[in-house]
Amino acid sequence: MARLQLILSVLCMCVSVCVCKVSMHGQIQSPLYPKPYPSNVHQQWDLEVPNGYQLQITFNYMDIEPSLNCYYDSLMVLHGKKLLGKFCGKNSTDPHHPGSKPILSPSNRLQLLFMADESNTEKHVGFSAFYQAVDIDECSSHDLDNSESRCTQICLNTLGSYLCTCYHGYQLRADQRTCVLGCGGDVFTEPEGFLSSPGYPKAAPLGMTCLYNISVQPGFQITLNFSNNFHIEQIDAQEPSCLFHWLQVSVPDEAPKKLCGDKSPGIIHTGSHTVELKFHTDKHGQSGGFSLHYTTQRMECKIKGGILNGRITPNFPKYSYRDYIQVLCDTGYKLMMGEEEIKSYKSMCLENGKWHLPLPECRIIDCGEPNHLLNGGFKYLSGSKNEYMSVIQYHCNEPFYAFTDTNNVNLTCEADRKWNGHNNDILHCFPVCGRPIVDIAGGRGRVLGGQQAVDNSFPWQVFLQAGGRGGAIVIGEKWLLTAAHNFNKEKLSKDELKAYVGSNKVSDYFKSDTQFESLPIESFHIHPGYKSPDYNNDIALIKLASSLTFNAGVMPVCLPAQDSELEKSGWVSGFGMTETYHTANHLRYIALPIVEQEVCHLSFEEVKKTVSDVSTLTENMFCAGLPEGGKDTCQGDSGSGFVMKKNDVFYAAGIISWEVKKTVSDVSTLTENMFCAGLPEGGKDTCQGDSGSGFVMKKNDVFYAAGIVSWGVDCGRAGRYGVYTRVARYAKWIQKIMEEN
């Protein structure tokens, strides 16, 4: 040993020391590992893991030049001044090789010392080792530092440390190691539990008095059940006298009772929710002690009579403290507490044997006031006050609204307290389309200077202002249908778009006290295939911000099925230009026959050939107008004056002469998305200001929108016809836009 200390003292002067940080684990390797280690190596590693752990090191590889007693090259493992091992060699069969067995340090520290002489000719690699922290079982290890007994009674090992605890009846001192008697004043409040004398089943300590109080909630009665292993010293075995050792049981309003001897008291029914137990021993004798299991029983509550038109659940033979009951009414009855209806009833048995709520009553239910039906109403067919099994009948405000499959719907007040019937569907009064209360006259009045429409004969007609006068038709509670080219006149916002319904006179819409307000516009949707100035796909939808209420003056027109065929004739209405070339104040209409596509196509081909009416512009003429159009003179204005003002005096600058009303490029191509209507002799036609209005047809006594006023060449001229967007080609698109928006 002295020789080893001498070697270590010499080496300490020249060894390279690596102080490793405190860690739970780590790896140590020889210099240059896994390459051969160099010569003249003297290196030390000071390893440390946290307090409360031991350090364990395991070699997973070793190849150090072997020699007798590892004289030349070696790895030493030290704990302080104690050598735990000196290793060299490569194979586990070498006498100085550590093998695979871990080395456990007595503490949380360990040193490794690696030394190599002047040569490593065989190119030995060295070593690789893994160290880790291993928990110390302080409760069983007494040979470490401070190896005195950890705990006086019970020791509990934890990771990196330990805890002390005590037997029942004892308390842990502030030093967290020593236990002292502590059985004075314990209170047990749970409805069930165990208690025993200090140290039980070991002998009870001498010269002590322990007090236990069992105090549960009022409404419970305590029962003591002593175990068979009962022993408290007594004086006389035949007639026990509990003079020096005893267990005293005290119940309010009763005399205390002392227990001792070798026989268990068994079961004691105290009849109280509080019990005091006092265990006493003097400084002499011996008592094995006691153990008991206490339980509680509950106070009983009674029910007198029953519930008329109802039942009590659960149905028990008797009810005890803290039992709950519910009252359920028979079908068609409701719970009432006094004059107040309650959703449910629960009552609990109290500590005094009474229910905390009085029993309710079951009275016949009512379904409440029936829901209001928008655009409809109801009446009672049977029953009253909305009671169980009452029957009501809903109806829509005819002839403007109707159910889809019936005229009336009957609902019954049923047990679920709802008005049920009609498959429990949500009732909705749907608008009736295409059935005005006033028949359209059979005559052929003209929109162009034509016949005034009778009030309420075209309730779907809309007066539209979209940078100019136009029309639209009502097709739903929030939807209007019009021509896409109405939006070409200028870039309109939804706030600039104005729409009016309900009157056959334009002037009604602009009175100061008018009842006809402009409809609030939410959005408008132009067909994506429409490209101005071409009139193909000339169709658009306007969505209103609020729903219309339909009546005699406002009613939607029906929509046709997709690609359905046209009738032979129909009616068109509008507020457009009359034959005097003035816009109409009164709604006008006209009945027109449908013109075959080939006839209409040939008429426009003739128009395209006609260019002789376009005169040559000379120095004796001048032009006036706006590049965006929309403001101009027209037929019937010829010869009128164009005046100018100079020095506050008006003078005649020109006379209205001529203009190119339609050129070849103005004539659109007639497509399958259009149809023509009119008379070959002319004189009856739609005109400016009618664009977007509806061309309606009648089938099975229902009017539907067959077309939308779209375009034409002049108004009412012989051999020329009005062109209308064919609505049936767009039925699916209309439905899609309405559903998505």
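Coordinate-derived values only; no laboratory data. Source: prediction; values computed, not measured. Reconstructed Cβ throughout: ideal geometry from the backbone, glycine too, with neighbour counts over all protein chains shown.
With only Lys, Arg, Asp and Glu charged, each at its Cβ (+1 for the first two, -1 for the last two), find how big the charge dipole of the chain is about the Cα centre; round to the nearest 20 debye. That gives the chain a dipole magnitude of about 200 debye. Separation of the stretch 150-166 and the stretch 275-305, taken as the distance between their Cα centroids, equals 32 angstrom. Remark: for residue pairs K531/K699; K379/K418; K90/K123, the C-alpha separation exceeds 23 Å in K531/K699. For the stretch 352-367, 3J(HN,Hα) computed residue by residue from phi via the Karplus equation (6.51, -1.76, 1.60; θ = phi - 60°) reads 8, x, 10, 7, 6, 10, x, 5, x, 10, 10, 10, 4, 7, 9, 8 Hz, glycine and proline entered as x.
Each peptide in 535-542, 465-472 was scored by the mean count of other Cβ atoms within 10 Å over its residues; highest first, the order is 535-542, 465-472. Only lysines eight or more places from K494 in sequence, or on another chain, were considered; those with a Cα closer than 16 Å are K478, K543.
Amide H contacts for E65 (H built 1.01 Å from N in the peptide plane; partners 5 or more residues away or on another chain; cut-off under 5 Å): G89. Here the 3J(HN,Hα) profile of the stretch 281-293, calculated from phi with Karplus coefficients 6.51, -1.76 and 1.60 at θ = phi - 60°, is 9, 8, 8, 10, x, 7, 10, x, x, 8, 8, 9, 10 Hz, Gly and Pro shown as x. In this structure the amide hydrogen of G471, modeled in the peptide plane, comes within under 5 Å of the amide hydrogens of L464, S691, G692, S693, none closer than 5 places in sequence on its chain. In this structure the amide hydrogen of M555, modeled in the peptide plane, comes within under 5 Å of the amide hydrogens of W460, none closer than 5 places in sequence on its chain. One Cα centroid belongs to the stretch 340-356, the other to the stretch 30-66; the line between them spans 78 Å. A straight chain from Q171 to D416 at 0.36 nm per residue would run longer than the Cα-Cα distance by 81.9 nm. The stretch 492-570 and the stretch 67-94 have their alpha-carbon centroids 103 Å apart.
For the stretch 504-581, the relative contact order comes to 21 percent (Cα pairs under 8 Å, sequence separation of at least 6). Packing, as the average of other Cβ atoms within 10 Å across residues, places the peptides 647-654, 35-42, 588-595, 550-557 in the order 588-595, 550-557, 35-42, 647-654, highest first. Just want the answer: with Cβ charges of +1 for Lys and Arg and -1 for Asp and Glu, which residue in S320, Y500, V599 is farthest toward the dipole's positive end in the chain? Toward the positive end, the furthest listed residue is S320. For the stretch 250-392, the Cβ-based charge dipole about the Cα centre amounts to some 360 debye (Lys, Arg positive; Asp, Glu negative; other atoms uncharged).
With a cut-off of 15 Å between beta carbons, the residues surrounding E517 carry a summed charge of -1, where Lys and Arg count +1 and Asp and Glu -1. Taking θ as phi - 60° and the Karplus parameters 6.51, -1.76 and 1.60, the scalar couplings of the stretch 431-436 work out to x, 8, 10, x, 10, x Hz in sequence order, x denoting glycine and proline. Annotation: lysines with alpha-carbon distance below 18 angstrom to K346 (same-chain offsets under eight excluded): K302, K304, K318, K334, K354. The alpha-carbon atoms of the chain define a convex hull whose volume equals 495 cubic angstrom per residue. Where does the charge balance sit around S128 when Lys and Arg score +1, Asp and Glu -1, over other residues with C-beta under 15 Å from its C-beta? Taking every Cβ under 15 Å from that of S128, the sum is +1.
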